[in-house]
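Since the structure comes first, as structure tokens, the remarks are kept for the end.
A short reminder: the numbers here are calculations on the coordinates, not readings from a lab. Values in this document were obtained by computation on a predicted structure and should not be read as measured data. Counting neighbours? That spans all protein chains shown, and the Cβs are built from the backbone with ideal geometry, glycine included.
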Amino acid sequence: SFQNEINEVPFFDIQLPYELALKIFQYLGKTELGRCAQVSKTWKILAEDEVLWYRLCQQEGYLLDTSISDRSCWKLALKSCRARERTLKTNWKNRIGAVSQLQYELGKILCDVHSCDGVVIAGYTSGEVRLWDTRTWDYIAPILEPTHGPGDAGPQPHVSFVRINSSLAVAAYEDGTVSVWNLMFGREPIHHYQHNQRIQALALGSEGAAVATASGFEVKVESPNDKGFWQTTGTFEIQKLVNFLNLVPDVSGSPVTVAAAEDIVYLLKAEDPGKILHSVYGQPVTCLDVSAHEAAFGIKTFGWLLNEPNQILLYNLETSQCLRKMGSSIGDFTCVNLQNSPPNMLVTGNKDRRVRVFDLRKSESLCSLYAHQLGVSAVQMDDWKVVSGGEEGLVCVWDQRMGTKLWEMHARHPVRHVWFNSHSLITANIPDEKTPRGASITDDDFTTHRKHRGVIYAYEFSVDQLAVESVLPICRSSYDEVTGYNYNIGLAVPYDSI
């Protein structure tokens, strides 16, 4: 081919070897390469070299797990990746896509929900734990088997907390028991342990295998050893009751836990058991999140007494130094998301009904979104949008740079879980009241108490979905059924076939 014959590339008034010319061209972006391709035939071949476009593709974060030999034309690959991203962004902004409810076990009430990469775990008052994989559209919900066998007398305890990562699922129950399942090895728990009292907090590492639980004045960390046998890698005694618990991600060696107990934040390591990261008497911690190197938490101050507003503090976990005090609000900070935020960014929700986005290099907020009627209960952001959930049951999607609301969605109970990636969004509305008064939820009467149950929504904005699947179920109906789509209402006159 012509390219194989090119050894020398005309570069203004000198001839350069092809490899050297390629090294110069690697500093150019897409637009400059396009302009260079119009100079001459030789430059066109150079500007469309696969190495250059493969590198551009990688720099922009596309197809990271592929090698250069996997595609024949990397310029086209980059073009299609960018087009897909644009379409996804448009779909997000205009709410184009499919939405489905992850419903299961009528008459049972949702206790806790968590998700990781589109796999959702939910625990119910029946003591059952369910999984959904929303990445496949024909998903069913397998039950994760509890440790106590079906022969055990009496009802199973409620589920208190559930957590999931790419390989493990964990559930903590009201009676202080904890079960761990491996998602690769079926539905039987691979590990099980017990606390004497009710569990107040549960944490699972975002990667790897480590589980931390807090009960009474004790924090326990469990993880498998080299041979794969689970064991207690640390037990920490704490003077106060733990409200929040997080495992630090990407830690080599024994797991590191950050625990907030009333007005003290502990950094719990096996070699340094009682290390206090932050403590101010009478200023309780109201929310906590941890990334690989930092911890961010909200503190409630004396407020009007000393004219000192509530703030978010950012600590470095290696040096234990307070890096920054951010924000000043009369309301308590109720949720903070540091781990899933873009670099140097952080998003918080507050009881004063505002969502605030902070740049970690400054102290004041970049934008403040007036969001919810009763206070914010869950937040997450990426480089262009913020998704927030409120105590009144509203989920809002915002354009972060414009500070405008794109759309909202309402359900009856407080939003306790929000998770999204580029093409999907999962939200969970979980009732505060687990045993509604006057609701004798019997197995033969499902419709009366649907309002008490809570709901999980899965949205899919992906362009790869079939057109028919992106239509809501009620619109896919053939209209020849006697019963309506919702609440099992019988229609007096069935629709004609259309």
Quote the FRET efficiency, to the nearest 0.05, computed for ASN196 versus GLU145 with a Förster distance R0 of 30 Å and r equal to the Cβ-Cβ distance.
-> 0.80
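Wrap a convex hull around the Cα atoms of the range 18-93, take a quarter of its surface area, and give that in square nanometres. Before the final figure, lay out each step's value.
Numbers: hull surface 22.9 nm².
Dividing the Cα hull surface by four gives the mean projection, 5.7 nm².
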Please find the FRET efficiency linking GLU433 to TRP230, where r is the Cβ-Cβ separation and R0 is fixed at 35 Å, and quote it to the nearest 0.05.
-> 0.50
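What FRET efficiency comes out for the pair ILE68/LEU20, r = Cβ-Cβ distance, R0 = 25 Å, nearest 0.05?
Working: r = 20 Å, r/R0 = 0.79.
In this case the efficiency is close to 0.80.
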Loop-only check: which chymotrypsin sites (Phe, Trp or Tyr not before Pro) in the range 1-67 are DSSP coil with at most 12 other Cβ within 10 angstrom?
-> PHE12, TYR27
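By how many nm would the segment from ASP13 to ILE330 lengthen if fully extended, with 0.36 nm per residue of separation less the alpha-carbon distance?
Working: separation 317, 0.36 × 317 = 114.12 nm, distance 6.84 nm.
Extra length from ASP13 to ILE330 when fully extended: 107.3 nm.
Beyond 20 Å between alpha-carbons counts as too far, so tell me which of LYS351/LYS434; LYS240/LYS325; LYS220/LYS240; LYS44/LYS79; LYS227/LYS269; LYS325/LYS405 fall in that bin. Each step should come with its number before you reach the end.
On the way: LYS351/LYS434 23 Å; LYS240/LYS325 24 Å; LYS220/LYS240 15 Å; LYS44/LYS79 18 Å; LYS227/LYS269 22 Å; LYS325/LYS405 28 Å.
Violating the 20 Å limit, Cα to Cα: LYS351/LYS434; LYS240/LYS325; LYS227/LYS269; LYS325/LYS405.
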Quick note, the range 115-253: a/c under 1.5 would make it rounded; otherwise a/b > b/c is prolate and the rest oblate (a ≥ b ≥ c, C-alpha gyration tensor); here it is oblate
Of the chymotrypsin sites (Phe, Trp or Tyr not before Pro) in the range 211-281, which ones lie in a loop per DSSP and count no more than 11 other C-beta atoms within 10 Å?
-> PHE229, TYR281
If the chain between ASP175 and HIS293 were fully stretched, how many nm would it gain, using 0.36 nm times the residue separation less the Cα-Cα distance?
-> 39.1 nm
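Multiply the residue separation of SER279 and ASP383 by 0.36 nm, subtract the distance between their alpha-carbon atoms, and state the gained length in nm to one decimal.
34.1 nm
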So what is the relative contact order for the range 18-93, in percent, with contacts set as C-alpha pairs under 8 Å and at least six apart?
-> 23
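State, to one decimal in nm², a quarter of the convex hull surface area for the C-alpha atoms of the range 399-438, i.e. the direction-averaged projected area. Kindly include the intermediate steps, with their values, before the conclusion.
Details: hull surface 16.4 nm².
Taking a quarter of the hull surface, the average projection is 4.1 nm².
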So, in nm, how far is label GLN373 from label ARG187 when the simple model puts each one 7 Å beyond its Cα toward the Cβ?
-> 4.0
